[in-house]
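This report concerns only the one structure given below.
The values are calculated or read from the model by the stated rules, or taken from the named source; none is laboratory data. As the structure is a prediction and not an experimental result, all values here were calculated from the model. Here the Cβ is made from the backbone with ideal geometry for all residues, glycine too, and neighbour counts use every protein chain on show. The area values use the complete protein model at the heavy-atom level, side chains included, leaving out ligands, DNA and RNA. Shrake-Rupley method; radii C 1.70, N 1.55, O 1.52, S 1.80 Å.
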Amino acid sequence: MTEGETVVRKRALSATKAEEIQAVEKKVRNNQPDKPCHRPRDSLFTWNSGFTNFTGFINWAFLILSIGGLRLLLENFIKYGVRVDPIQWIYYLIDEEGSDYPTLMLLLYHIVPVVTCLIIEKALSAEVVSNGIGMLVHVANLLSVILVPMVFIHVKPGFGLVGASTVCTFYSILFLKMWSYIQVNMWCRMDRQKSAKSTLRRQSVSLSSLQRAEKTINNNQDSEKSSSETLPGGLVHYPENVSLRDFYYFMFVPTLCYELNFPRTERIRKRFLLRRAFEVLVGTQIILAVIQQWMIPSVKNSLVPFSNMDYTLATERLLKLAIPNHLAWLIMFYILFHSWLNLLGEVLQFADRNFYADWWNAENIDVFWRTWNLPVHRWAIRHLYLPMVDLGYGRNTASMVVFFISAFFHEYMVSVPLKTYKIWAFMGMMGQLPLSFLSRFVEKRYGGRFGNIVVWSSIIIGQPLCIMMYYHDYMVIHHGTAIAGYSHR
């Protein structure tokens, strides 16, 4: 037996002997007449206690939060009266002059880039134009999807803010969908060309045999086409998918990633559909009421502190705005990603309803951005991140490009409707990169619970700060004289 084994054996014997001594002492102590009631125990708030049931504190926190929110709501009613007016949003949606409805005109204009995209895809599938020319026209068409609303909103007077926001959001979605549509069809063409080349290399046939093979292929294609038209669930093959009907189905389904054959449900569940429609109607009204009654007064009251650089008062306004903004954001998440997207999926019998994951448990910023908006995340991974990695770019570079594109569209959907071209939303998104390093450091150093606190803090504080900054810049740019007089009252 070695010396080390001897030491280990002695330690084991010592530990066993100590346990035996403690057991004997415990037995003797329990038999004493003083009726002992103490034993080695940790306090419940000690990390080593193993106690995890804090349900009562969760109920207490919810009750305190509800009481505090109710007090602020009553204070708001007493100070500002009832400001909720759903009719006002209709006036904001249409243009102020009410002459030619520019919002509706821009929404209908989307037919032009869609038809242009389809014509180019038809020409590419029939090999009428070269791939280089086709891709060049596609790029110009995609740029027009972004630039036309920007120029039109900036030049055309009388554009309602809500209408302009609706247009920018719609065209941002159209841009991402067209990108996916073009790229998927390009993949199909490349696969077809590779198959044709490999077939030509493998076979050396005569003209007669080639004609027979071509006739056989045509017959097979006709039979496949007829079977796909007659049999339910028949798969669509390229270039049969290049049609206006197929593109517009993709336009309305709740996904940004195009496929030739989407998973479909067998029927439409009417009760499920009615529940989702009810949630959309009621939830939207609640969001609009919170904005009118709670957020707008808080945003207006933040103007003077920001103009005068009063950091203490500005911080107070920021924290006051954080509560209603966060409430509206949470309701918006549920209405958009659960109610509305499930509503579209049910109507169109789209079977993939995985629109979000458990982002509320995210222990760092990276996990949050991967889980809270899965349609955009899938698009970024499928059409941007992985293609860049396949081209030889590093993963960090690809991630930065993904955040850059996301930051651009966040800025686009804010600055263009406001006609206030600042970079606060852009910087907020790009700031997620260093924040991700911070959240991962906190997660590794202090645990996932504190990493989750960093995630929630960035959401609760970052959004109202961005809103207040844009409102201040908007008022300074468009109403500078009025602001100067108001700030000196």
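Which one, GLN349, TYR311, GLY283, projects farthest toward the positive side of the charge dipole computed for segment 267-364 from Cβ point charges (K/R +1, D/E -1)?
Positive-end residue among those listed: GLN349.
Compute the FRET efficiency between PHE278 and HIS326 as 1/(1 + (r/R0)^6), taking r as their Cβ-Cβ distance and R0 = 30 Å, and round to the nearest 0.05.
For PHE278 and HIS326, the calculated efficiency is 0.80.
Report the normalised scattering of segment 343-437 as log10 I(q)/I(0) at q = 0.11 Å⁻¹, calculated by the Debye formula with identical scatterers on the alpha carbons.
-0.41
Explain nothing, just the number: relative contact order of segment 227-357, from Cα pairs under 8 Å at least 6 residues apart, as a whole percent.
37 percent.
Report the local net charge at PRO297: Lys and Arg +1, Asp and Glu -1, summed over other residues whose C-beta lies under 11 Å from its C-beta.
So the environment of PRO297 carries a net charge of +4.
Tally Lys/Arg at +1 and Asp/Glu at -1 over every other residue whose Cβ is under 14 Å from the Cβ of ASN361; what's the total?
That sum, taken over residues with Cβ under 14 Å, equals -2.
Explain nothing, just compute: Karplus ³J(HN,Hα) = 6.51 cos²θ - 1.76 cosθ + 1.60, θ = phi - 60°, for every residue of segment 299-315 in order, whole Hz, x for Gly and Pro.
5, 4, 6, 8, 5, 5, x, 5, 5, 8, 6, 8, 5, 5, 5, 5, 5
What is segment 296-418's relative contact order, in percent, from Cα pairs under 8 angstrom and six or more apart in sequence? All intermediate terms of the calculation are to be shown ahead of the outcome.
Values: 59 pairs, mean separation 13.7, N = 123.
Across segment 296-418, relative contact order equals 11 percent.
Enter the accessible area of ILE133 (Å², nearest 10), with the probe set to 1.4 Å and all protein chains included.
100 Å²
For segment 363-489, what does the relative contact order come out to in percent, with C-alpha contacts under 8 Å and a separation of six or more?
Details: 91 pairs, mean separation 38.9, N = 127.
Relative contact order for segment 363-489 comes out at 31 percent.
HN-Hα J couplings of segment 258-273 from phi, Karplus 6.51/-1.76/1.60, θ = phi - 60°, integer Hz, Gly and Pro as x?
In residue order, the calculated couplings are 7, 9, 5, 9, 7, x, 10, 8, 7, 8, 9, 7, 5, 5, 4, 5 Hz.
Amide H neighbours of LEU348 under 5 Å, at least 5 residues apart or on other chains, H built in the peptide plane: list them.
It is none; the list stays empty.
Per-residue HN-Hα couplings for segment 278-291, Karplus 6.51 cos²θ - 1.76 cosθ + 1.60 at θ = phi - 60°, whole Hz, x for Gly and Pro?
Working through the residues one at a time gives 5, 4, 5, 5, 5, x, 5, 5, 5, 4, 5, 5, 4, 5 Hz.
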